Every structure is written in structure tokens, then in C-alpha cells.
Amino acid sequence: MTDLPYPIGKFSYDGDMSPRRRAECVDRIAAAPARLRAAVAGLTAAQLDAPYRDGGWTVRQVVHHVPDSHLNAYTRLRLALTETSPTIRPYEEARWAELPDARSAPIEISLSLLEALHHRWVALLRQLGPAEGARTFLHPEHNRLFTIDELLAMYAWHGEHHVAHITSLRQRMGWGLDGEVTGGR
């Protein structure tokens, strides 16, 4: 049985960011908007409002969460590049997911926002090297410094993590790529 909260496993970072791994992470971040769009292609309103697991967010909430989270990561990156170990501001992601727009707005808004954000973010990420990757920010909830390299690895994982929430739900429910039921429950 798949681990429903962590269908691709929990995030881990070993502290090693080679130039090749950095490029792979940037490529994964670059691919995230198209992968998310493909994951939700053809879903009906009822399917978008289905939770990906018992007690979990709906597909719609997941779609709106991804650009919320990635906007925060983009801002944290820019702060770390322009300030010395800034303390970032956390946000209550679970509460953001309960706001009316996250529960009911059309997903196209967030899909388009994610595409635009990633065009800008990836343009910057492709220019970074080891010196920038070693820059840090303080996350007060975790009470520790994070490097830009760790943020890069985390968000390469994050997009795939949420796409897997949706694609694993589609598989379990038998929802084909066009949103039609193809078997399952």
C-alpha cells in the first residue's frame, strides 16, 4: 500500500549538492507546473473537490497550495541571496488551504500563477552556483539555518510530492487521464 501522505517518501537532504544534482533539481522545479497541469487534466469539479486521502486536502486545495508554497520559497531564496542569513517569516499553510479561494477558486488561476512563477524562479536558479547555494536563511519554526541548496532540493521534491498525491488518487479511484472512471472504486 502506498503511503498516502508521502507517496514518494518524506523529504531528506544529505547536504551534498553537486553541479549535476543542482541542475537536476532545477530541471525538476522547471517541470513541476506542466506535471501538475497534466495530473489534473480532465478532472471534474467533483473530482477536484475530492480529498486525496481521508482527512487530507482536496485536489483543488493541493493545486492552490503548490503556488502558495512556491511563492514563499521564491521569496525566501531572494532574501537569502540579498541579505545575510535572514530570518524568514513562516506561514500557516494548513490555514491558507482553508481560505475560501483555496477551497473554491478555479484551479486555472493557480496553474497559471505557478507557470509564471516558475519561469521567473528557474531563470534565477539556473544562474546559481555553489557560492549562492551555500547562502542561508533562518527558519524560526525549525530553529535552524537552511541553505539555498537545501531549499532547491526540497522544492524539487515538493512539486513531485503533490503531483503524486493527485496521480495516486487518480490511480486508486480509476480516474483516467481524461477524468473518466476507468475502474477502481
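The values are calculated or read from the model by the stated rules, or taken from the named source; none is laboratory data. Note that the coordinates shown come from a computational prediction; the quantities given were computed from them, not determined experimentally. Heads up, the Cβs are rebuilt from the backbone with ideal geometry, glycines too, and the neighbour counts pull from every protein chain shown. Heads up: the accessible areas ignore ligands, DNA and RNA and are worked out on the full protein's heavy atoms, side chains in. Shrake-Rupley method; radii C 1.70, N 1.55, O 1.52, S 1.80 Å.
Numbers below:
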read-out	value
For the chain, the spread of Cα positions along each principal axis, largest first, Å	51, 34, 31
In segment 99-144, GluC sites (Glu not before Pro) in a DSSP loop with at most 14 other beta-carbon atoms within 10 Å	GLU141
Shape box of segment 33-119 [Cα atoms, principal axes, largest first, Å]	47, 27, 20
About the Cα centre, charge dipole magnitude for segment 57-185 (Lys/Arg +1, Asp/Glu -1 at Cβ), debye	100 debye
Per residue, in Å², the accessible surface of segment 1-155 once ligands and nucleic acids are set aside, probe 1.4 Å	53 Å²
Surface accessible to a 1.4 Å probe, TYR6 within the full protein complex, Å²	80 Å²
Portion, in percent, of the accessible area of the chain that falls on carbon or sulfur, probe 1.4 Å	54 percent
The chain: most fluctuating residue of SER112, SER69, SER12 per GNM, C-alpha cutoff 10 Å	SER12
Positive-end extreme of charge dipole, the chain - chosen from LEU113, VAL163, GLY15 (charges on Cβ)	GLY15
Tail beyond 15 Å, pair distance distribution of segment 92-154 (Cα, percent)	68 percent
Shape metrics for segment 120-180, restricted to C-alpha atoms - Rg then Dmax, Å	16.9, 49
Helical contribution to [θ] at 222 nm, DSSP H n ≥ 4, -39,500 (n - 2.57), averaged over the chain, rounded to 500	-18500 deg cm²/dmol
